[in-house]
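One structure is given below, encoded as C-alpha coordinates.
The values are calculated or read from the model by the stated rules, or taken from the named source; none is laboratory data. For clarity, every value in this text was computed on a predicted model and none was experimentally measured. With ideal geometry, Cβ positions are generated from the backbone for all residues, glycine too; neighbour counts draw on all protein chains shown. Side chains included, ligands, DNA and RNA excluded: accessible areas come from the protein's heavy atoms. Shrake-Rupley method; radii C 1.70, N 1.55, O 1.52, S 1.80 Å.
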Amino acid sequence: MVRLLLAAILAFGFVVSHVAYDEAAADFDGLVPSANLTGPSTTVVAQALAEPPLVPTPGELELFTLTNNDRARAGLASLSFDLDVLALARERGVAQKDGSTLSHYDASGQLAFVKLLTGNEVPYVRAGENLARVPLPQASAADRAEQALMQSPTHRANILQPEFDRIAIGEATDAAGRIVFVQLFRTAH
(Lines give C-alpha, C1' and ligand atoms only; values in the text may rest on other atoms or scores of the structure.)
Protein backbone atom coordinates (compact mmCIF):
# COMPACT_ATOMS: atom_id res chain seq x y z
CA MET A 1 0.00 0.00 0.00
CA VAL A 2 1.44 3.33 -0.97
CA ARG A 3 0.56 6.43 0.94
CA LEU A 4 1.85 9.86 0.14
CA LEU A 5 2.15 13.01 2.08
CA LEU A 6 3.13 16.09 0.16
CA ALA A 7 3.64 19.49 1.59
CA ALA A 8 4.84 22.63 -0.07
CA ILE A 9 5.26 26.10 1.30
CA LEU A 10 6.09 29.37 -0.32
CA ALA A 11 7.31 31.89 2.21
CA PHE A 12 9.99 34.52 2.36
CA GLY A 13 10.96 33.75 -1.25
CA PHE A 14 11.66 30.09 -0.44
CA VAL A 15 10.00 27.05 -1.89
CA VAL A 16 10.35 23.79 -0.02
CA SER A 17 8.78 20.45 -0.69
CA HIS A 18 8.65 17.20 1.28
CA VAL A 19 7.34 13.76 0.52
CA ALA A 20 6.84 10.74 2.69
CA TYR A 21 6.59 7.24 1.25
CA ASP A 22 5.56 4.07 3.01
CA GLU A 23 5.20 0.90 1.02
CA ALA A 24 4.82 -1.78 3.66
CA ALA A 25 3.77 -0.38 7.02
CA ALA A 26 0.15 -0.73 8.07
CA ASP A 27 0.66 1.90 10.76
CA PHE A 28 1.70 4.87 8.61
CA ASP A 29 2.61 7.92 10.63
CA GLY A 30 2.63 10.22 7.61
CA LEU A 31 6.10 11.51 8.30
CA VAL A 32 8.74 9.00 7.33
CA PRO A 33 9.13 7.06 4.11
CA SER A 34 9.97 3.40 4.27
CA ALA A 35 10.25 0.36 2.07
CA ASN A 36 12.12 -2.90 2.24
CA LEU A 37 14.84 -3.75 -0.26
CA THR A 38 17.35 -6.54 -0.29
CA GLY A 39 20.47 -7.31 -2.27
CA PRO A 40 23.82 -5.67 -2.78
CA SER A 41 24.29 -2.23 -4.17
CA THR A 42 26.00 -3.57 -7.29
CA THR A 43 25.22 -0.63 -9.58
CA VAL A 44 26.53 1.90 -7.09
CA VAL A 45 29.65 -0.19 -6.43
CA ALA A 46 30.33 -0.57 -10.16
CA GLN A 47 29.97 3.19 -10.64
CA ALA A 48 32.30 3.88 -7.72
CA LEU A 49 34.97 1.66 -9.27
CA ALA A 50 34.58 3.17 -12.73
CA GLU A 51 34.46 6.86 -11.80
CA PRO A 52 36.46 9.07 -9.47
CA PRO A 53 34.70 9.64 -6.15
CA LEU A 54 32.33 12.57 -5.92
CA VAL A 55 33.17 15.32 -3.49
CA PRO A 56 30.46 17.44 -1.83
CA THR A 57 30.40 21.13 -2.78
CA PRO A 58 30.81 23.81 -0.09
CA GLY A 59 27.05 24.48 -0.22
CA GLU A 60 26.22 20.79 0.17
CA LEU A 61 28.61 20.52 3.12
CA GLU A 62 27.18 23.66 4.73
CA LEU A 63 23.62 22.32 4.59
CA PHE A 64 24.91 18.97 5.91
CA THR A 65 26.51 20.74 8.90
CA LEU A 66 23.39 22.82 9.56
CA THR A 67 21.20 19.69 9.38
CA ASN A 68 23.38 17.88 11.91
CA ASN A 69 23.37 20.96 14.15
CA ASP A 70 19.55 20.83 14.13
CA ARG A 71 19.68 17.15 15.08
CA ALA A 72 22.21 17.80 17.86
CA ARG A 73 19.96 20.52 19.36
CA ALA A 74 17.18 17.90 19.41
CA GLY A 75 19.45 15.37 21.14
CA LEU A 76 19.72 13.13 18.07
CA ALA A 77 22.71 11.37 16.55
CA SER A 78 24.45 13.00 13.61
CA LEU A 79 23.82 11.74 10.11
CA SER A 80 26.74 10.54 8.01
CA PHE A 81 27.20 12.07 4.57
CA ASP A 82 25.98 9.45 2.11
CA LEU A 83 28.50 9.56 -0.73
CA ASP A 84 26.84 6.48 -2.26
CA VAL A 85 23.75 8.58 -2.97
CA LEU A 86 25.36 11.97 -3.69
CA ALA A 87 25.05 11.60 -7.47
CA LEU A 88 21.36 10.72 -7.09
CA ALA A 89 20.73 13.77 -4.90
CA ARG A 90 22.37 15.96 -7.53
CA GLU A 91 20.33 14.28 -10.25
CA ARG A 92 17.17 15.13 -8.31
CA GLY A 93 18.31 18.76 -8.07
CA VAL A 94 18.93 18.96 -11.81
CA ALA A 95 15.44 17.52 -12.39
CA GLN A 96 14.01 20.62 -10.64
CA LYS A 97 15.80 23.10 -12.91
CA ASP A 98 13.07 23.71 -15.47
CA GLY A 99 9.95 23.51 -13.34
CA SER A 100 8.20 26.46 -11.78
CA THR A 101 7.41 24.25 -8.78
CA LEU A 102 9.40 21.57 -7.02
CA SER A 103 8.23 18.02 -7.65
CA HIS A 104 8.89 14.64 -6.12
CA TYR A 105 7.48 12.88 -9.19
CA ASP A 106 9.03 11.89 -12.51
CA ALA A 107 7.28 12.15 -15.89
CA SER A 108 5.54 8.79 -15.34
CA GLY A 109 4.00 9.92 -12.04
CA GLN A 110 6.30 7.81 -9.85
CA LEU A 111 8.17 9.10 -6.81
CA ALA A 112 11.47 9.95 -8.45
CA PHE A 113 13.71 9.45 -5.42
CA VAL A 114 12.25 5.99 -4.69
CA LYS A 115 12.65 5.02 -8.34
CA LEU A 116 16.27 6.26 -8.33
CA LEU A 117 17.18 4.40 -5.15
CA THR A 118 15.51 1.20 -6.31
CA GLY A 119 16.85 1.46 -9.86
CA ASN A 120 20.39 1.88 -8.55
CA GLU A 121 19.94 -0.97 -6.07
CA VAL A 122 20.65 1.29 -3.10
CA PRO A 123 19.55 -0.58 0.04
CA TYR A 124 17.32 1.19 2.52
CA VAL A 125 14.76 0.49 5.19
CA ARG A 126 13.47 4.08 5.23
CA ALA A 127 14.07 6.90 2.82
CA GLY A 128 12.88 10.47 2.55
CA GLU A 129 13.37 13.54 0.42
CA ASN A 130 13.26 17.26 1.14
CA LEU A 131 13.50 19.84 -1.64
CA ALA A 132 14.26 23.52 -1.22
CA ARG A 133 14.88 26.36 -3.67
CA VAL A 134 16.34 29.71 -2.63
CA PRO A 135 17.46 32.79 -4.54
CA LEU A 136 21.05 34.01 -4.71
CA PRO A 137 23.42 34.92 -3.08
CA GLN A 138 25.19 31.58 -2.96
CA ALA A 139 27.10 32.44 0.24
CA SER A 140 23.95 32.29 2.42
CA ALA A 141 21.87 29.84 0.35
CA ALA A 142 22.38 26.78 2.59
CA ASP A 143 21.51 28.77 5.72
CA ARG A 144 18.31 30.15 4.15
CA ALA A 145 17.32 26.69 2.87
CA GLU A 146 17.87 25.16 6.32
CA GLN A 147 15.76 27.85 7.98
CA ALA A 148 12.90 27.32 5.52
CA LEU A 149 13.05 23.53 5.88
CA MET A 150 13.04 23.70 9.68
CA GLN A 151 10.02 26.05 9.65
CA SER A 152 7.97 23.41 7.81
CA PRO A 153 6.67 20.65 10.12
CA THR A 154 6.95 17.90 7.48
CA HIS A 155 10.49 18.85 6.46
CA ARG A 156 11.50 19.21 10.07
CA ALA A 157 10.12 15.70 10.69
CA ASN A 158 12.46 14.24 8.07
CA ILE A 159 15.43 16.19 9.43
CA LEU A 160 14.67 15.08 12.99
CA GLN A 161 13.69 11.48 12.19
CA PRO A 162 15.75 9.49 14.71
CA GLU A 163 15.89 6.37 12.53
CA PHE A 164 17.66 8.08 9.63
CA ASP A 165 21.41 7.56 9.75
CA ARG A 166 22.55 8.92 6.37
CA ILE A 167 21.93 11.93 4.19
CA ALA A 168 23.09 13.01 0.76
CA ILE A 169 22.67 16.64 -0.17
CA GLY A 170 22.65 17.68 -3.79
CA GLU A 171 22.85 21.20 -5.09
CA ALA A 172 21.91 22.56 -8.52
CA THR A 173 21.12 25.93 -10.05
CA ASP A 174 17.80 26.30 -11.88
CA ALA A 175 17.07 28.20 -15.10
CA ALA A 176 16.31 31.40 -13.13
CA GLY A 177 19.63 31.23 -11.23
CA ARG A 178 18.05 29.99 -8.00
CA ILE A 179 19.76 27.30 -5.95
CA VAL A 180 17.98 23.99 -5.50
CA PHE A 181 18.94 21.76 -2.58
CA VAL A 182 17.91 18.12 -2.31
CA GLN A 183 18.18 16.21 0.95
CA LEU A 184 17.98 12.43 0.45
CA PHE A 185 17.69 10.64 3.78
CA ARG A 186 17.91 6.92 4.37
CA THR A 187 18.29 4.25 6.96
CA ALA A 188 20.54 1.67 5.37
CA HIS A 189 19.90 -1.31 7.64
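Observations
- Cα shape, region 62-189, gyration tensor, a/c 1.5 rule: oblate
- Label point distance in nm, Lys97-Gln151, each placed 7 Å from Cα along Cα→Cβ: 2.8
- Å² of accessible area per residue within region 77-189, as computed with a 1.4 Å probe and no ligands counted: 39
- 12 Å beta-carbon shell around Leu79, net charge (K/R +1, D/E -1): -1
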